[in-house]
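The values are calculated or read from the model by the stated rules, or taken from the named source; none is laboratory data. Note that the coordinates shown come from a computational prediction; the quantities given were computed from them, not determined experimentally. Backbone-built Cβ (ideal geometry, glycine too); neighbour counts: all protein chains shown. Note: areas computed on protein heavy atoms with side chains; ligands, DNA, RNA excluded. Shrake-Rupley method; radii C 1.70, N 1.55, O 1.52, S 1.80 Å.
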Amino acid sequence: MVERSLYARAKAIFPPVANRATSLGIVKGEGVYLWDEEGNKYLDFASGVAVTNVGHNHPYVVQKVVEQCQTLIHGGHNVIYYPTYVELGEKLIEAVDPNYKVYFSNSGAEANEAAIKLAKQVTKRPGIISFKRSFHGRTLATTTLTASNSGYRQNYEGLLPSVYYADYPYATRSGLNEEEEVKRCIGALDEIFHCLIAPEQVSSIIVEPMQGEGGYVVAPKAFIQHLRKVCDEHGILLIFDEVQTGFGRTGKLFAYEHFDVKPDILTLAKGIANGFPLSAIVAKGELMDAWTQGTHGGTYGGNPVACASALAVLELLQDKYIDNAKKMGEYFVEELTLLKEKYDEILEIRGLGLMIGVEFVTKTGEPNATLVKKVIGKALEKGLILLNCGVDKNVIRFIPPLIVKEEEINKAITIFSECLEEIL
Ligand SMILES: Cc1ncc(COP(=O)(O)O)c(C=O)c1O
């Protein structure tokens with residue numbers, strides 16, 4: 001036993017404000033594994049919340065980062081230009097569209113802030129439409145956009161004005177079939193335009209193509225395509241928040257590729273640099289060119305080391321790990337589906353690539369947060385790190401690094417099924 005755990009020391013000095021999924025004190029990471037201060041090894045199927053997409057301390061990322069540290073650690077993009085910054089920008093545009101441009105910041109929230117600022121600046125319209133059950137960050141503006149938990153907004157009300165919340169399709173719980181649910185949500189959006197804010201007053205619609213915090217709910221293609229159509233009709237800018245879905249997580253470099261819809265503005269963070277603080281917005285060139293000089297900025301955005309890491313990540317993903325995410329995601333869902341057949345408490349297994357959610361209900365069909373909490377707790381005792389999500393906290397998310405192998409998925413499935421067996 002360590003004399004005083006990192007957890008005990010942390011509790012004494014940090015406020016309780018941030019939710020903490022575990023009390024683990026971790027001293028080392030490698031691939032899909034983490035080691036705690038007692039020497040215990042954990043299979044990490046949380047990836048620091050969908051961040052370490054190429055695994056902990058990937059040797060190629062480490063090599064590129066070390067090389068960059070020996071060359072230049074900070075310059076400030078408001079002051080100078082440097083190779084990793086420009087190269088990463090070029091590579092991202094190449095991956096999205098040569099007619100787009102890119103701007104770097106540090107976090108997902110910051111990228112979303114930049115996106116809505118850009119949309120307001122360019123359209124000169126005040127309104128923003130976000131979605132119920134969405135999560136876009138913790139700054140005051142992104143807290144406003146977020147609508148997945150009233151707790152996130154508690155005592156912060158009096159937020160950004162002119163933000164309206166549309167319904168996001170979730171047929172599993174609405175009891176409608178997918179087509180009817182899409183129709184219902186289109187109707188709810190029309191009602192916002194009819195009763196609350198005219199579309200000509202709306203600068204942007206911000207949406208996660210697959211909701212993360214909100215419960216790993218994949219939007220139907222028809223709905224995302226409808227949003228594109230509405231935006232085109234009314235000159236509204238479509239923002240895809242791909243902070244969690246981006247960088248190979250869904251088995252494609254960007255989740256929008258699943259929907260055959262390109263956003264006007266794409267926001268990226270989390271997996272982009274495998275743990276180094278970096279985010280980006282990638283937006284149509286004509287929008288970026290109209291973003292008035294001096295109206296946005298920041299000290300650390302596009303840090304040389306973070307960009308070096310992102311360049312290595314992108315190379316690895318495009319080389320093999322996006323394909324692996326698709327393949328392993330399919331395998332994982334097949335294995336989980338076998339368990340669904342065994343337990344009535346599993347309502348649905350859903351997701352894209354290696355962004356998989358398992359939704360739990362009680363025998364009477366109510367959201368089952370108690371069971372989720374127990375399963376996650378027991379899994380941790382057995383050496384598997386899992387997280388929950390969903391408005392009702394009744395979804396377990398499986399987000400291993402995209403380098404994960406079949407044998408590691410098998411190990412996770414064994415632990416997960418043991419937990420269900422012991423609890424149910
Ligand atoms: C979809 C989405 N957007 C934005 C954010 C906020 O990102 P960050 O915590 O880096 O500010 C998150 C984080 O969980 C997210 O999942």
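For region 9-20, the condition of being modelled with pLDDT of 95 or more and under 20 Å from Lys378 (Cβ atoms) holds for none of the residues.
Per-residue answers, yes or no, for (1) within 13 Å of the ligand (Cβ to nearest atom); (2) within 15 Å of the chain's Cα centre (by Cα); (3) of a type in the set (Gly, Ala, Ser):
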| site | (1), (2), (3) |
| --- | --- |
| Glu113 | yes, no, no |
| Val122 | no, no, no |
| Arg133 | yes, yes, no |
| Thr142 | yes, yes, no |
| Ser150 | no, no, yes |
| Val163 | no, no, no |
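Matching residues to (1) more than 26 Å from Lys270 (Cβ to Cβ); (2) among the hydrophobic types (A, V, I, L, M, F, W, C); (3) without any contact (Cβ under 8 Å) to a residue 24 or more places away in the chain; (4) not assigned by TED's automatic domain parsing to the domain that holds Ile403:
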site	(1), (2), (3), (4)
Asp167	no, no, no, yes
Ser174	yes, no, yes, yes
Glu180	yes, no, yes, yes
Leu237	no, yes, no, yes
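One residue stands out among those in region 141-194 that are in contact with a strand residue (DSSP E or B) (Cβ under 6 Å, 6 or more places away or on another chain) and β-branched (Val, Ile, Thr): the one that is surrounded by the most Cβ atoms within 10 Å (Cβ to Cβ), which is Thr144. Select from region 231-248 the residues that are more than 17 Å from Ser134 (Cβ to Cβ) and of a type outside the set (Asp, Glu) and list them in ascending order. Residues satisfying the conditions are His234, Gly235, Phe247, Gly248. Within region 322-349, the set of residues being more than 17 Å from Cys419 (Cα to Cα) and not hydrophobic (A, V, I, L, M, F, W, C) comprises Asp323, Asn324, Lys326, Lys327, Gly329, Glu330, Tyr331, Glu334, Glu348. Considering region 123-140, and only residues there that are under 17 Å from Ala109 (Cβ atoms) and of a type in the set (Ser, Thr, Tyr), the residue that is surrounded by the fewest Cβ atoms within 10 Å (Cβ to Cβ) turns out to be Thr139.
Say whether the condition of being within 16 Å of the ligand (Cβ to nearest atom) and either part of a loop (DSSP other than H, G, I, E, B) or open to solvent by 10 Å² or more (accessible area, probe 1.4 Å) (or both) is met by at least one residue in region 280-288. The answer is no, given that none of the residues of region 280-288 is within 16 Å of the ligand (Cβ to nearest atom) and either part of a loop (DSSP other than H, G, I, E, B) or open to solvent by 10 Å² or more (accessible area, probe 1.4 Å) (or both).
Only one entry of Thr245, Thr267 meets the criterion of being assigned by TED's automatic domain parsing to the domain that holds Leu189, assigned to a strand (DSSP E or B) and within 16 Å of the ligand (Cβ to nearest atom), and that entry is Thr267. Each residue in region 16-32 was checked for being open to solvent by less than 70 Å² (accessible area, probe 1.4 Å) and in a loop (DSSP other than H, G, I, E, B), and 6 of them qualify. Selection of region 33-67 for residues being open to solvent by less than 70 Å² (accessible area, probe 1.4 Å), in a loop (DSSP other than H, G, I, E, B) and either touching a helix residue (DSSP H, G or I) at 6+ places or on another chain (Cβ under 8 Å) or touching a residue at least 12 places away in the same chain (Cβ under 8 Å) (or both) yields Glu37, Phe45, Ala46, Val51, Thr52, Asn53, Val54, Gly55, His58. Close contacts from region 356-372, counting a first residue that is open to solvent by 10 Å² or more (accessible area, probe 1.4 Å) and a second that is among the basic types (Lys, Arg), with Cβ to Cβ under 8 Å and a gap of 6+ residues or different chains, come to Pro367/Lys393; Ala369/Lys393. When Asn368, Asn394 are checked against the criterion of being in contact with a helix residue (DSSP H, G or I) (Cβ under 6 Å, 6 or more places away or on another chain), modelled with pLDDT of 95 or more and not hydroxyl-bearing (Ser, Thr, Tyr), a single residue qualifies: Asn394. Listed here are the strands (runs of 3 or more DSSP E) enclosed by region 71-173 that have at least 2 residues being β-branched (Val, Ile, Thr): 127-131. The lone criterion from (1) closer than 18 Å to Glu178 by Cβ; (2) within 15 Å of the ligand (Cβ to nearest atom); (3) surrounded by fewer than 24 Cβ atoms within 10 Å (Cβ to Cβ); (4) not polar (S, T, N, Q) left unmet by Gly215 is number (3). Being closer than 27 Å to Glu407 by Cα and polar (S, T, N, Q) is a description that applies to Ser47.
Take region 68-84 and flag every residue that is β-branched (Val, Ile, Thr) and without any contact (Cβ under 8 Å) to a residue 40 or more places away in the chain. First the steps, then the outcome.
Within region 68-84, the subset β-branched (Val, Ile, Thr) is 71, 73, 79-80, 84.
Matches in region 68-84: Val79, Ile80.
In region 168-189 there is at least one residue matching the filter, namely being within 28 Å of Trp291 (Cβ to Cβ) and away from the ligand (no atom under 16 Å from the Cβ). Considering only residues that are open to solvent by 10 Å² or more (accessible area, probe 1.4 Å) and in contact (Cβ under 8 Å) with a residue 60 or more places away in the chain, look in region 253-279 and name the one that is nearest to Lys320 (Cα to Cα). This residue is Leu253.
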